[in-house]
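> Dumping the structure here so I can ask a few things about it.
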Amino acid sequence: MRTLSVAAWLLVLTACSDGGGGSGGGGGADEPPPEGRCYENPLGCEGGTTCAFDDEDGQEMSCLPAGAAGKGDTCRNVAGAPECGEKLVCLQLTGQANGSCTPYCSGDAPCGSGQVCAKVQTEGGHTFYACVDE
């Protein structure tokens, strides 16, 4: 498997408590995400899975079997083989050799203490929300 050079930029830091975080553009919380487009509702992936990149170009994200890494653990974006656990994303910013597993979030699933729900955009143009330190 090839390591993806998928980078993400934090576009907007918006506290979830003020209604900022969303599902990223589609699907209600009770609806399963469209196949290959889980970034629209990454929290909608079934138990034991996480929304992650499934192609080497970093263009498509799907619900894939979750890895073993927990919140805050070091990770890398690897096509088709997420390293982070259930409902976590490997947030690997441009120029970083490694990222960190962080929870997906939305207005209904806010972040923990000391974090905010931030809009993240990938190089492929997808957006989703993830918890970042304040």
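The values are calculated or read from the model by the stated rules, or taken from the named source; none is laboratory data. Quick caveat: nothing in here was measured; it's all calculated off a predicted structure. Glycine also receives a Cβ, built like all others from the backbone with ideal geometry; neighbour counts cover every protein chain displayed.
> So L93 clears everything in (1) closer than 19 Å to E134 by Cα; (2) among the aliphatic types (A, V, I, L, M); (3) touching a Gly at 6+ places or on another chain (Cβ under 6 Å) except one condition, right? Which one?
Answer for L93: the failing condition is (3).
> Given (1) surrounded by 17 or more Cβ atoms within 10 Å (Cβ to Cβ); (2) closer than 22 Å to P110 by Cβ; (3) within 13 Å of the chain's Cα centre (by Cα); (4) modelled with pLDDT of 85 or more, where does K71 come up short, assuming only one miss?
Looking at each condition in turn, K71 falls short on (1).
> Considering (1) out of contact with any helix residue (DSSP H, G or I) (no Cβ under 8 Å at 6 or more places or on another chain); (2) at pLDDT 85 or above, say which one T50 fails and leave the rest.
Tallying (1) out of contact with any helix residue (DSSP H, G or I) (no Cβ under 8 Å at 6 or more places or on another chain); (2) at pLDDT 85 or above, T50 fails exactly one: (1).
> Only one of (1) in contact (Cβ under 8 Å) with a residue 60 or more places away in the chain; (2) surrounded by fewer than 20 Cβ atoms within 10 Å (Cβ to Cβ) is not met by L64, so which one is it?
Evaluating L64 over (1) in contact (Cβ under 8 Å) with a residue 60 or more places away in the chain; (2) surrounded by fewer than 20 Cβ atoms within 10 Å (Cβ to Cβ) leaves (1) as the failure.
> Of the residues T102, T122, which single one is surrounded by 16 or more Cβ atoms within 10 Å (Cβ to Cβ), out of contact with any helix residue (DSSP H, G or I) (no Cβ under 7 Å at 6 or more places or on another chain), within 17 Å of C45 (Cα to Cα) and among the hydroxyl-bearing types (S, T, Y)?
So the residue among T102, T122 that is surrounded by 16 or more Cβ atoms within 10 Å (Cβ to Cβ), out of contact with any helix residue (DSSP H, G or I) (no Cβ under 7 Å at 6 or more places or on another chain), within 17 Å of C45 (Cα to Cα) and among the hydroxyl-bearing types (S, T, Y) is T102.
> Would you mind telling me which numbered condition in (1) at pLDDT 85 or above; (2) out of contact with any helix residue (DSSP H, G or I) (no Cβ under 9 Å at 6 or more places or on another chain); (3) β-branched (V, I, T) T94 fails?
Exception for T94: condition (1).
> While we're on this one: Any residue in the stretch 94-121 that's more than 18 Å from T50 (Cα to Cα): show its pairings with residues that are acidic (D, E) and in a strand (DSSP E or B) at Cβ separation under 9 Å, as long as the two are six or more apart or on different chains.
Hits for this filter: G114/D133; Q115/D133; V116/D133.
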